[in-house]
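Here the structure comes first, spelled out in structure tokens, and everything after it is commentary.
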Amino acid sequence: MRKYVVLMLLTVIFTSCSQQPNPSFKQEDISILPKPSSLKLNEGSFKVEPNTAIILQDESQKKGANYLAGLFNKAAGYNLELQNTIAEGAIVFETIEGLKEGAYQLNVNPTSINIKASEESGFFNAVQSIRQLLPTAIESKEKVAADWFVPSVTIEDEPRFEWRGMHMDFSRHFFNINEVKDFLDNMALYKLNTYHMHLTDDQGWRVEIKKYPLLTEKGAWRTPNNQDTICMDRAVENKLYTIDESNFKTIDGERKYGGFFTQEQIKDIVAYADDRCITVIPEIDMPGHFKSAIDNYPFLSCNGESGWDTVFTYPTCLGKETTYEFMKNILDEVVELFPAEYVHIGGDEVNIASWKVCPHCQKAIKDNNLKDEHELQSHFNRDIEQFLKSKGKKFMGWDEIVTGGLTKSANIMWWRNWAPNAPKIAAENGNKVVVTTTAAYYFDYLNEGTTLKGVYNYEPIPADFTAEEEANVLGIQANLWSERIPNYKRLQYQAFPRMLAVAENAWASKENKNFEVFNSNVEKQYDRLDALGVYYYVPAVEGLDKEIAFVEETSVSLSLAYELEGTEIYYTIDGAVPTKASLKYEAPFVVNDTIEIKARAYRGELYNDLKSTKVIHKNYIESVDVTAQEKGLKQWVVKGKFKKEKDIKTPTTPNFTKVEGIALGDLKDEKNFAVVYQGYFNAEKDGVYEFETRSDGGDLLFLGEDVIVDNSGWHGPKKSYGKVALKQGLHPITIKYRPSDKPRVIEVKYALQGEELTPINSLVTRF
């Protein structure tokens, strides 16, 4: 070590007389994501030359060094030499004690680059920061001419969470090995370190199991299903939903969809990820979501049959030893393929109905002194957990496994945002938790709903967690369920740029986060994503989310969900799909005819999901001549069960309640009832008015005898709207609300078309 320090000092002496200073950079030139714990920008820069050496001390530095050398080999044609002797103008890796796993220190000056860490992932993460400091040309797969300056910086950095994850679902739609490797490269760039492969589900089995060859010979292939049909229907106008043709093949004269990874391919993926300090977590879903296996090994189910029940498929039988043997034989092969300490067994959305009538399952419940079917699943989980433990692995499942009881060593992924007790129970029990909730981290949800800002501002640690419980949170993960992600381009569109928000949430401390700063850094990353060939989300076109109504004419205004340099809106008024040859949106335009408008935004060759609406003509409805002095509305609570909203009769009795507005209030605890609101809506001036209702269960909004908003049916909290042209004055309004079994909400809002919706209240109603 003393010799090494002396050599370091010699490096400074040899290289201190640089003839021409390298350029300096400004703060606005720098974008490192996730944001480092601390970063100081200094004068000058370091230039990587063809003869720049990379100095190594030990094996822990090789992954980072090899990755850096590989970047320059492809993009610059440099063969940077890895050596253990000092050299002038070098990139020096130095192992020090005491840094957190993944942490690093980086010092770049005009004469050297010095990287310090305590283990291999720290060195690798430092290299990714260097990568982001370099010109985007470093991402080129072919040799390009560039000056490879690295800005002079001093960085000290460490991650907040141990688990910084992304997930891909291969069962619903399949992605090939080259796409997996590309995704891993993108994860590495943003210091994400855990890759969750959802390899089995009802729709397809995606990993070779040699003991049970039918799992992939037959279970990996299906006739096109409703998920495929939805994508194919959308692909007519939106090529981002095109199903990858390479995943179809003809089997016994029938065209089938599918694919799987051989065990050799899995080993290749695991090794490729390991070179990037990424751990691959396998998920083999059990005992539910197992149809692709039961189809070909029907003895696994309770009655020897495979198929769908009301919502979910029939699970495996947990009263037969053959089930346990089958699962363990599969896991025997899986644990040999994946060195990761965790194995995910799913355990979610299990349909327990068949267990209730299965004599084998009922006998198992009785023989093992179990309370119910939930405890039967926990009994199964504990058995599998012990098996995995015997193989040196840790057991993980979705948060449903909390029901029925957990051992001290089980681990969960909390996905059900509406089930906050699950992670609380687990963390209190000492179980490790990965936060992957639908509220922020389900990236199959559209960007317009789960926005970049929403993802970034989401705090993964529940507010009621104690310090001890917080210590049991391993980290966070975003999921890409592929029911409506039929190709890799679409997967990237769903993942980026939201994946960058996950990366920073997982890395930066709560105190070191700021969305405006983050968003500015994201904007600087787009050129790098372009160089990488990433098909990221282009901000949505707004202004066509609802029908547009007019009496004589109306102005149509379009905008982007947020500004993104180089993004332009194109539209059509004849129902055709817009291209860059269509009308370019420059300013609001006037419409005075019934037409269909379609629009999308382009950034270069990237485009987003199509937005469309119809422009419809409306005739004015005259106001009524009534005397209505009282402000507010009449409210009747009608007792009884109603199949449909239209079955609710408007009472004529005088025993109503005067209300200032429309809200559920104290009725949340009522059972078997409906609510009717009635009065007059006061249109302040002639115009097109929009009405919006939000309710669970269902509702109808009438103006006079006409239904303006139809939000009927049987549903959870849901919005519907309608538009109508009203003359100034009073108009009779009725709202009929049929709540769900657990009443939650009834709201009604209004606005002049194009203005912000506000609640209907006593300011605009009379009776």
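The values are calculated or read from the model by the stated rules, or taken from the named source; none is laboratory data. Predicted model, so just to flag it, every value in this text is computed and none were measured. Virtual Cβ from ideal backbone geometry, glycine too; neighbours counted across all protein chains shown.
Things worth noting here:
- Residues in segment 307-334 that are aliphatic (A, V, I, L, M) and buried (at least 18 other Cβ atoms within 10 Å of the Cβ): 318, 327, 330, 331, 334.
- Residue 32 being in contact (Cβ under 8 Å) with a residue 24 or more places away in the chain and assigned to a loop (DSSP other than H, G, I, E, B): yes
- For segment 619-707, the strands (runs of 3 or more DSSP E) that sit wholly inside it and include 2 or more residues that are under 15 Å from residue 733 (Cβ atoms) and without any contact (Cβ under 8 Å) to a residue 60 or more places away in the chain are 633-639, 687-703.
- Verdict on residue 545 being acidic (Asp, Glu), part of a loop (DSSP other than H, G, I, E, B), more than 30 Å from residue 190 (Cα to Cα) and in contact with a strand residue (DSSP E or B) (Cβ under 8 Å, 6 or more places away or on another chain): yes
- Helices (runs of 4 or more DSSP H) (entirely within segment 282-388) containing at least 3 residues that are assigned by TED's automatic domain parsing to the domain that holds residue 413: 321-337
- Exactly one residue out of 192, 184 is aliphatic (A, V, I, L, M) and in a loop (DSSP other than H, G, I, E, B): that is 192.
- The strands (runs of 3 or more DSSP E) found wholly in segment 72-125 and carrying at least 1 residues that are in the same structural domain as residue 53 (by TED's automatic domain parsing) and over 26 Å from residue 50 (Cβ atoms) occupy 91-95, 104-109, 112-117.
To keep it simple, each residue is scored yes or no on (1) acidic (Asp, Glu); (2) within 21 Å of residue 723 (Cα to Cα); (3) modelled with pLDDT under 95.
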| position | (1), (2), (3) |
| --- | --- |
| 524 | no, no, no |
| 543 | no, yes, no |
| 546 | no, yes, yes |
| 556 | no, yes, no |
| 567 | no, no, no |
| 570 | no, no, no |
| 579 | no, no, no |
| 583 | no, no, no |
| 595 | no, yes, no |
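- Yes/no for residue 503 being out of contact with any helix residue (DSSP H, G or I) (no Cβ under 6 Å at 6 or more places or on another chain) and more than 28 Å from residue 474 (Cβ to Cβ): no
- Hits in segment 235-274 - residues which are in contact (Cβ under 8 Å) with a residue 12 or more places away in the chain and among the basic types (Lys, Arg): 249, 255, 256, 267
This table checks each residue for (1) among the β-branched types (Val, Ile, Thr); (2) modelled with pLDDT under 95; (3) under 30 Å from residue 607 (Cβ atoms).
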| position | (1), (2), (3) |
| --- | --- |
| 205 | no, no, no |
| 210 | no, no, no |
| 215 | no, no, no |
| 219 | no, no, no |
| 226 | no, yes, yes |
| 230 | yes, no, yes |
| 235 | no, no, yes |
| 240 | no, no, yes |
| 243 | yes, no, yes |
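- Number of the exception - residue 27 against (1) touching a residue at least 40 places away in the same chain (Cβ under 8 Å); (2) closer than 21 Å to residue 153 by Cα; (3) not hydrophobic (A, V, I, L, M, F, W, C): (1)
- The set of residues from segment 568-582 being more than 31 Å from the chain's Cα centre (by Cα), surrounded by 14 or more Cβ atoms within 10 Å (Cβ to Cβ) and of a type in the set (A, V, I, L, M, F, W, C) comprises just one member, 573.
- Restricting segment 65-91 to residues that are without any contact (Cβ under 8 Å) to a residue 24 or more places away in the chain and over 14 Å from residue 113 (Cβ atoms), the residue that is surrounded by the most Cβ atoms within 10 Å (Cβ to Cβ) is 73.
- Checked against (1) over 35 Å from the mean Cα position of the chain (by Cα); (2) crowded, with 20+ Cβ neighbours inside 10 Å, residue 109 passes all but a single condition, namely (2).
- Residues (surrounded by 15 or more Cβ atoms within 10 Å (Cβ to Cβ) and in a loop (DSSP other than H, G, I, E, B)) located in segment 450-472: 450, 451, 458, 460, 461, 462, 465, 472
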